[in-house]
Amino acid sequence: MLAMAAGSAVFTGCVPADRKPLAPARVSVVRAPAYDQSIYDTVRRLVREHVGEVKGRSILLKPNLVEFEPESSINTNPILVHAAFEAFRELGAAQVRIAEGPGHRRNTMDLADAAGYFSTVPDFEDNFVDLNLDAVTRVYPQRQFSRMQKIYLPNVALSADLLVSMPKMKTHHWVGATLSMKNLFGVVPSGIYGWPKNVLHWAGIEECIADLHAAFPRQFALVDGIVGMEGNGPIQGTPKHVGAIVAGRDPVAVDATCCRIMKIDPMKIRYIRLAAGDPERLTEGRIQQAGEAIQTVAAPFQLIPEFQKFRLEA
């Protein structure tokens, strides 16, 4: 049975009009041709460069686990997740946990096992939290984008010093692309909102993504773009090899960069525009690019007919 914590929390879901101009966000694009041992060094370096000091902090890794198809490109690859787990532990984090709340499957542990997490991450069960069943706190948006006047969120996610969103780079048949911000749908507990989490769709899927992004101000995005998914994603698409990992502390900038790699115009992805607030924030001039240039790893993702208009031509 789900437990509810006493009290509630408030977060701000909109950017103040008098906000000072933001400094350019830093996003790294690093080549990673395959899921091999070199990923461990790559991820360790990215964590050091973007996160810095983590000694004594609690870290929550949030991969994307969707379906029982370990050989497909649906789920975040467990090697990338294990590399992040080991990197944060080596850098002195007091606690590193992996957590997910699948919206399609109730038996989360069986899903994780089928996706290869048990065989890849030692003592996986001891370090995993099912967000669908965790104790929750009622959160009231001070200013929100969606029609959700309140939302219940898992305490393990709200209390983490750093939430690491680890999505698979994929197209999405409702919103165009699913990346680090859309990955936060897995934080919303199905134990309260049901399987699937249709209430988020009824309240406005793009708006709910922006709400959830605002609810977690301490984030690091680490996107599995080694093999993504194109076409009718996020489940029924086909594998797309990109051979890159994209990382940064600003999920808006990370998602905009991923879109450009996918040859999708980030300005046309509505939830990215909502979360950005100021459209200038999405321009390439406002994102400090590190590592590989976008054009050297760009791989046009096949889009379903409804989203052909999102194609980035330049």
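Taking into account only those residues within the range 143-162 that are touching a helix residue (DSSP H, G or I) at 6+ places or on another chain (Cβ under 9 Å) and among the polar types (S, T, N, Q), which is nearest to Pro217 (Cα to Cα)?
The selected residue is Gln144.
How about the range 278-308: which of its residues are open to solvent by 20 Å² or more (accessible area, probe 1.4 Å), in a loop (DSSP other than H, G, I, E, B) and over 18 Å from Ile226 (Cα atoms)?
Across the range 278-308, the qualifying residues are Asp278, Thr283, Ile304.
Within the range 239-282, which residues are modelled with pLDDT of 95 or more and out of contact with any helix residue (DSSP H, G or I) (no Cβ under 8 Å at 6 or more places or on another chain)?
Within the range 239-282, Pro239, Lys240, His241, Asp250, Val254, Cys258, Met262, Lys263 qualify.
For the structure I just gave you, tell me whether Val51 is out of contact with any Ser or Thr (no Cβ under 8 Å at 6 or more places or on another chain), closer than 23 Å to Lys182 by Cα and crowded, with 22+ Cβ neighbours inside 10 Å.
Considered against the rule, which asks whether it is out of contact with any Ser or Thr (no Cβ under 8 Å at 6 or more places or on another chain), closer than 23 Å to Lys182 by Cα and crowded, with 22+ Cβ neighbours inside 10 Å, Val51 comes out as no.
Within the range 58-68, does at least one residue satisfy the condition of being more than 18 Å from Asn183 (Cα to Cα), more than 19 Å from the chain's Cα centre (by Cα) and surrounded by fewer than 17 Cβ atoms within 10 Å (Cβ to Cβ)?
no
Could you check the range 244-261 and list, in sequence order, the residues that are farther than 20 Å from Asp211 by Cβ and either more than 16 Å from the chain's Cα centre (by Cα) or among the β-branched types (Val, Ile, Thr) (or both)?
Those that are farther than 20 Å from Asp211 by Cβ and either more than 16 Å from the chain's Cα centre (by Cα) or among the β-branched types (Val, Ile, Thr) (or both): Ile245, Val246, Thr257, Arg260, Ile261.
For the range 165-274, which helices (runs of 4 or more DSSP H) that fit wholly inside it have 1 or more residues that are in contact (Cβ under 8 Å) with a residue 60 or more places away in the chain and surrounded by fewer than 24 Cβ atoms within 10 Å (Cβ to Cβ)?
190-193, 205-215
Does the range 24-40 include one or more residues that are at pLDDT 95 or above, among the charged types (D, E, K, R), in a helix (DSSP H, G or I) and surrounded by fewer than 20 Cβ atoms within 10 Å (Cβ to Cβ)?
no
If a residue must be more than 16 Å from the chain's Cα centre (by Cα) and in a loop (DSSP other than H, G, I, E, B), how many such residues does the range 72-130 contain?
Qualifying residue count for the region: 14.
State all residues of the range 78-98 that are surrounded by fewer than 24 Cβ atoms within 10 Å (Cβ to Cβ) and closer than 30 Å to Asn232 by Cβ; if no residue qualifies, say none.
Scanning the range 78-98 gives Pro78, Ile79, His82.
For the range 65-124, give me each residue that is among the acidic types (Asp, Glu) and under 24 Å from Gly52 (Cα atoms).
The answer is Glu86, Glu90.
The values are calculated or read from the model by the stated rules, or taken from the named source; none is laboratory data. Worth saying up front: this structure is predicted, and the values here are computed from it rather than measured. All Cβ positions, glycine included, derive from the backbone under ideal geometry; neighbour counts span all protein chains shown. Quick note on the areas: whole protein, heavy atoms, side chains included, nothing else; ligands and nucleic acids left out. Shrake-Rupley method; radii C 1.70, N 1.55, O 1.52, S 1.80 Å.
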